[in-house]
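Below: the structure, in structure tokens.
Here, each number is a calculation from the coordinates, and none is a lab measurement. Model, not experiment: these values are computed from the prediction. FYI the Cβ positions are ideal-geometry reconstructions off the backbone, even for glycines, and counts take in every protein chain you see.
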Amino acid sequence: MQALQVSKLQAHPQNEYFFDEMSGQKWEEFKESIKTSGVIEPIVVTQDLIIVSGHQRVRACRELGIVTILGEVRHYDNHDGRCAEDWVIKDLIETNVRQRGNIGGSELKAVHRVDELRRIYKVDGGGKHKSCDNVTTSGEPVTAEEACKAAGIDYASYRQFKSLSDLIPDWQELLDSGNVSASVASRIIGKLSEDEQEQLYNALPVKERITAKLTDKYLCQIRQQQVEMEQKEKQWQGTNASLANRLNLIVAKNNELDDRITELKQKGDPELVAKIDKLQEDCRRAYENYQKANSENYNLKCKLQDSQQKINEANGYIQELLEQTEALEDNALTSEQMRELTNLRAENKRLERELAQQEPTPLAEPVMPSYTMGGLKKFLCTTKSELETYLNSKTLNLNAEAGDNDYIKEMIGELVPLALHVKDKVCTLVA
């Protein structure tokens, strides 16, 4: 044992990968214990003064202004079939687990500890040592259960949370910050592929705490989108197959024409040869223009699909905000919600304008409805229902603009006489 200068000691770069730092009341009590009683248990460092055991004790000394600490310097080298760094990590994990007792903390970091010890001890999935010469196994874990015990976690918990190590970094950060529980992360998210995890992460409102219900909701949306994309892909494949068949027919016809052209050229009429050459050049240019137009049309369709998806998302979000608004007892939106709703509506209008400008083909002429007595009944029923909805709406004044009241009064004033005329006409027809 020797006194070590605290300022010269360095934390092991993987310590935070395996262990949480003390915090809150527990950390304050730990510092108070060192302040009043000193460091009782010596720390362990490598020959390069890298801390193996005692990170929290050194941290407390630095905060308390203690300049020296009692410690053991161990010399690590390659021996018994393991490199020096593996021996350091082995001691880093096992020594800290023994000293901390009920270690608690992050389930993900506990999984990291088990996986690392299984690698070092070469314990495979079946719980046995992998065959390896020159490795001393006396007293070492030989099963996954024993590796878990050495890492400070029970085997059942390890199996439950093993999938946490398969999370992409974004989800691991949310797990560490407490925005998603280990149970939700292992039971739902850990079973997804990396691409599905990334899609879910981008879709979720990460500023909120992520629950299982919220995760399931967005997973259903993503899977529905995947089904729709697969259906569209099948449609494109069918269209491509049809185009390929047509192209094959065109190529066959073109080959026949080439043979005919060759035959005519062999007759040696210069004027006829010149006409044929010009016709071939015109055909070539027409085909190039067709390919260019086809490519532009495909790109435009992709843009249309993207714009339509954004419009649908904006409409859905606006509808959610409106539903939330009706539930408010004070019948008013917060300034932040009002600003967000206004921005979404502006974005929605912009996308609709963009969609209208990008339409690649003209719309078909609308089919005019048949104005029958049955149609009039349906129209009046729908109109009555819509007017009652507006009458009972708590958000009728939402985003009202200057002049809206006068315009509505004027329109209703014109509709009342018109409705009376329709009534008279109906009475005349019935009579």
Scattering profile of the range 23-71 from the Debye formula, Cα beads only, expressed as log10 I(q)/I(0) at q = 0.17 Å⁻¹, is -0.48
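Please give me the summed charge of the neighbours of Ser295: other residues whose Cβ is under 14 Å from its Cβ, Lys and Arg +1, Asp and Glu -1.
With Lys, Arg at +1 and Asp, Glu at -1, the net is +1.
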Residues whose modelled amide H sits under 5 Å from the amide H of Val123, counting only those 5 or more places away in sequence or on another chain, are Lys130
In Å, the Kirkwood hydrodynamic radius from C-alpha pairs for the range 21-125 sits at 15.3
If the chain between Lys409 and Leu49 were fully extended at 0.36 nm per residue, the gain over the current Cα-Cα distance would be 121.2 nm
Net charge (Lys, Arg +1; Asp, Glu -1) of residues whose beta-carbon lies under 15 Å from that of Val426, Val426 excluded, is +3
Length gained if Ala84 through Asn392 is fully extended, taking 0.36 nm per residue and subtracting the Cα-Cα distance, is 103.2 nm
For Leu4, other-chain or 5+-apart residues with amide H closer than 5 Å (H placed, Pro excluded) are Ile69, Leu70, Gly71
